[in-house]
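These notes are about the structure you will find just below.
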Amino acid sequence: MIRRLQREIPLKGSVGIQIIARSAELLQLSVSGGARSETGILIGDGSESPGEARVLLRAGVFVPGQNMEYQKGELTCLLMPQGVVESGEEYEVAKFREMMRDISSDE
């Protein structure tokens with residue numbers, strides 16, 4: 001993540017970065033019970049507990065108490081919001097409880 005971008009003269013500048021995850025997966029999220037869709041990034045650094053997920057979202061997308069879902073192959077993954085753990089002007093990192101359901105057996 002770029003934390004700081006500074007340009008001293010047109011051809012010279014500096015950038016401050018922070019690594020927020022060791023792994024990332026692009027997700028197409030849908031709000032449970034709704035037609036709205038959002039893009040998020042599932043991020044991991046190895047410190048997550050089983051069933052815990054951190055998702056990078058646009059600022060304002062996270063709504064306390066509003067579940068989100070995404071598809072992973074034959075699985076529907078339900079994300080139950082736990083809270084925002086970090087935020088900035090344009091982003092939020094939210095923590096969720098993650099439950100997976102096999103949709104192939106629903107037919």
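The values are calculated or read from the model by the stated rules, or taken from the named source; none is laboratory data. In this text, all values refer to a predicted model and were calculated from it rather than measured experimentally. Reconstructed Cβ throughout: ideal geometry from the backbone, glycine too, with neighbour counts over all protein chains shown. Remember, those area values only see protein heavy atoms, side chains included, never the ligands or the DNA or RNA. Shrake-Rupley method; radii C 1.70, N 1.55, O 1.52, S 1.80 Å.
Every condition in (1) surrounded by 12 or more Cβ atoms within 10 Å (Cβ to Cβ); (2) modelled with pLDDT of 85 or more holds for SER37 except the one numbered (1). Among the residues of the stretch 62-92, the ones that are open to solvent by 70 Å² or more (accessible area, probe 1.4 Å) and among the hydroxyl-bearing types (Ser, Thr, Tyr) come to 1 in all. Here ILE20 clears all of (1) within 21 Å of LYS72 (Cβ to Cβ); (2) at pLDDT below 80; (3) out of contact with any Gly (no Cβ under 9 Å at 6 or more places or on another chain) except the condition numbered (1). In the set (1) at pLDDT 85 or above; (2) open to solvent by less than 40 Å² (accessible area, probe 1.4 Å); (3) within 13 Å of the chain's Cα centre (by Cα), LYS95 fails one condition alone, (2).
Only residues that are assigned to a strand (DSSP E or B) and farther than 24 Å from GLY88 by Cβ were counted in the stretch 47-77, giving 6.
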